[in-house]
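Notes follow the structure.
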Amino acid sequence: QVQLVESGGGLVQAGGSLRLSCTASGRAFSSYAMGWFRQAPGKEREFVAAINRFGSTNTADSVKGRFTISRDNAKNTVSLQMNSLKPEDTAVYFCAAGTMVRLTATPARADYWGQGTQVTVSS
């Protein structure tokens, strides 16, 4: 069993930055691929970025060049550095654990989900 807890969300002006973190419980963290997803009001959940256990990443075109995913297996954490934020980045951001194939599939499938953290970007 893995529990995921996100933190770091908040309100930021357009052009600003935020760093989200997700801390996982359990000893198997390093064996999972980790991902970030987001869901805006009235929209479906969408893939943002994922990182496998070796550090290879996959990032959505909509955030490529602005968002960077990273992980620290020693600390059981995965982070999402978000720069040059836009109002359209406003959403609840979720952390997920699973396999890289399933996290990047459509629809995505995760073994575990966090409860989410709100990111609001004002114009």
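Once the Cβ-Cβ distance of D61 and Q118 is raised to the sixth power relative to R0 = 22 Å, the FRET efficiency obtained is 0.40. Put simply, the amide H of R71, placed in the peptide plane, has neighbours under 5 Å in S79, leaving out anything fewer than 5 places away on its chain.
Sorting the segments 59-67, 39-47 by their residues' average number of neighbouring beta-carbon atoms within 10 angstrom, most packed first, yields 59-67, 39-47. Calculated accessible area for the chain comes out at 53 Å² per residue, all protein chains present (probe 1.4 Å; ligands, DNA, RNA ignored).
Per-atom-type breakdown for the chain gives carbon and sulfur 46% of the accessible area (1.4 Å probe, protein chains only). For region 19-73 versus region 81-121, the inter-centroid distance based on Cα atoms is 6 Å.
The values are calculated or read from the model by the stated rules, or taken from the named source; none is laboratory data. Remember, predicted model here, so these are calculated numbers, not experimental data. Glycine also receives a Cβ, built like all others from the backbone with ideal geometry; neighbour counts cover every protein chain displayed. Accessible surface is based on the protein model in full, side chains and every heavy atom, while ligands, DNA and RNA are left aside. Shrake-Rupley method; radii C 1.70, N 1.55, O 1.52, S 1.80 Å.
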